[in-house]
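Below is one structure, written out as structure tokens, with a few remarks after it.
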Amino acid sequence: MILRYLYDRKSWISFYLLSLLLADLLIWMDGGISIRRQSLLYMNLLLILAMAVFLGWRCQKEMKYAHSLAKLAEEMNEDWIETLPAAGFYHEEATNQLLRAVNRWYWNQLSDGMAARSLEQDYLAAWVHEVKTPLTAMKLTIDAAKGHPAMRSIESEWLRIHLLMDQQLHISRLPSLESDYMPEQAGIQRLAAQEVRELASWCVEKNIAVEFSGEEATVNTDCKWCRFIIRQLLTNAVKYSPEGGTIHLSSMTAPDGTVRMTVTDEGPGIAAHDLPRIFDKGFTGGHGRLHNAATGLGLYLARTVADKIGISLTVQSELHRGTSMQLAFSVSNRFESVRAGRG
């Protein structure tokens, strides 16, 4: 701190030393002034010592504000503006005024951005709900004419639209997940079976079989959000499964009470270098780009929701050997523990 202060005051220090040198030259050149060299040296040393003491005092006084700002920057919190150090000089008061003005501008910008985002989300949610009405009417028409050969293809395309709309609706609800979370006891295979029925027409179109194994296990979770996670995993499994393939869903309860459900497909698998990135937002991987079938949102949303509601989501895959996605439900739900701690 002292070295920085001395560097910032180098012009003043240089001026003082040059003035002292000039005074020495005048004394030396003026024949009317008689002073011994030892006395001149002694005077110079006293003046330099006085300057050093003065600089030390001013450093402590003038750097106090800068030191307080640096400490505030290290311990930044939401009410930092209220803890600005007191100003002792005009430039320090001007700095405080600037920081307060920037803080007000930032919060105004943030408030405007949040209001615009909230309006956009409300509009999007309302639009999704409006679109679901004609989709429901289309579904009723499809169900009424299932005997028609063309309806099978139309139904699979309707399902894709329905899944995209449902995904968008859950995205708009994601920021308020904590207040929307309603845990209950449910059978994990029953939840998965409901999602399999939703994707039945797509499975029939690709001649994909879905097999369940293991025993039913009860988990404590939010059924709506848990089904959303399973839906993303099953959608990926169906999307990348070959014609005539099989999707395996197995569940088991570990000795420690942890319930695990695994969704395994017979698809092309995932390259080892892609595995660490499959849950990243927007990442599609080689197969997604090749088939133009991926948005890069499904697994990202599945992991995001899983992390929020206390479910562990992991993946195992090898090229040309399929992919296994595993959901793990602990006995003590982490989301519930966090909520209880906040309460």
Check: If you average the sequence gap of Cα pairs under 8 Å that are 6 or more apart and divide by the length of the chain, what percent do you get for the contact order?
Finding: 11
Checklist line | Of 206/281; 224/308; 132/206, those spanning more than 22 Å from alpha-carbon to alpha-carbon | finding: 206/281; 132/206
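Based on the Cβ-Cβ distance from residue 140 to residue 102, what FRET efficiency comes out when R0 is 35 Å, to the nearest 0.05?
Efficiency, rounded to the nearest 0.05: 0.05.
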Checklist line | Long-range HN-HN contacts of residue 245 with modeled amide H, under 5 Å | finding: 209
Check: At residue 43 and residue 252, where each label point lies 7 Å from the Cα along Cα→Cβ, what is the point-to-point distance in nanometres?
Finding: 9.6
Item checked: Interchain or long-range residues, amide H under 5 Å from residue 267's placed H -> 322, 323
Next item on the list: Provide the FRET efficiency to the nearest 0.05 for the residue 190-residue 114 pair, computing r from the beta carbons and using R0 = 51 Å.
Entry: 0.85
Check: What full-extension length gain, to one decimal in nm, is calculated for residue 223 and residue 204 as 0.36 nm per residue of separation minus the Cα-Cα distance?
Finding: 4.3 nm
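Which is the longest stretch in the chain that no exposed loop site breaks, taking sites as trypsin sites (Lys or Arg not before Pro) with a DSSP loop state and at most 13 other Cβ atoms within 10 Å?
Longest stretch, sites excluded: 147-280.
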Next item on the list: Compute the signed sum of charges (Lys and Arg +1, Asp and Glu -1) over the other residues within less than 13 Å, Cβ to Cβ, of residue 57.
Entry: +3
Notebook entry, point to check: Solvent-accessible area per residue for the range 38-162 at a 1.4 Å probe radius, Å²?
Noted result: 75
Notebook entry, point to check: How big is the gap, in Å, between the Cα center of the range 14-38 and the Cα center of the range 134-195?
Noted result: 94
Check: Applying 1/(1 + (r/R0)^6) with R0 = 25 Å to the Cβ-Cβ distance of residue 7 and residue 61, what FRET efficiency is obtained, to the nearest 0.05?
Finding: 0.90
Item checked: Answer label for mean projected area of the Cα convex hull in nm² (calculated), chosen among (i) 30.6; (ii) 19.3; (iii) 16.5 -> (i)
Next item on the list: Would you calculate the separation in nanometres between label points at residue 148 and residue 331, each defined as 7 Å from the Cα along the Cα-to-beta-carbon direction?
Entry: 5.6
Margin query: Taking only the Cα atoms of the range 1-85, how large is their convex hull per residue, in Å³?
Written below: 91
Notebook entry, point to check: Hey, can you list the DSSP H helices of the chain whose Cα span along the axis is 20 Å or longer and whose average Kyte-Doolittle score is at least 1.0?
Noted result: 10-29
Notebook entry, point to check: With labels modelled as points extended 7 Å from the Cα through the Cβ direction, what inter-label distance (nm, one decimal) is found for residue 171 paired with residue 72?
Noted result: 4.0
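The values are calculated or read from the model by the stated rules, or taken from the named source; none is laboratory data. Since the structure is predicted, the reported quantities are computational estimates derived from the model, not experimental observations. Neighbour counts run over all protein chains shown; Cβ positions are idealised from the backbone, glycine included. The accessibility values were calculated without ligands, DNA or RNA, using every heavy atom of the protein model including side chains. Shrake-Rupley method; radii C 1.70, N 1.55, O 1.52, S 1.80 Å.
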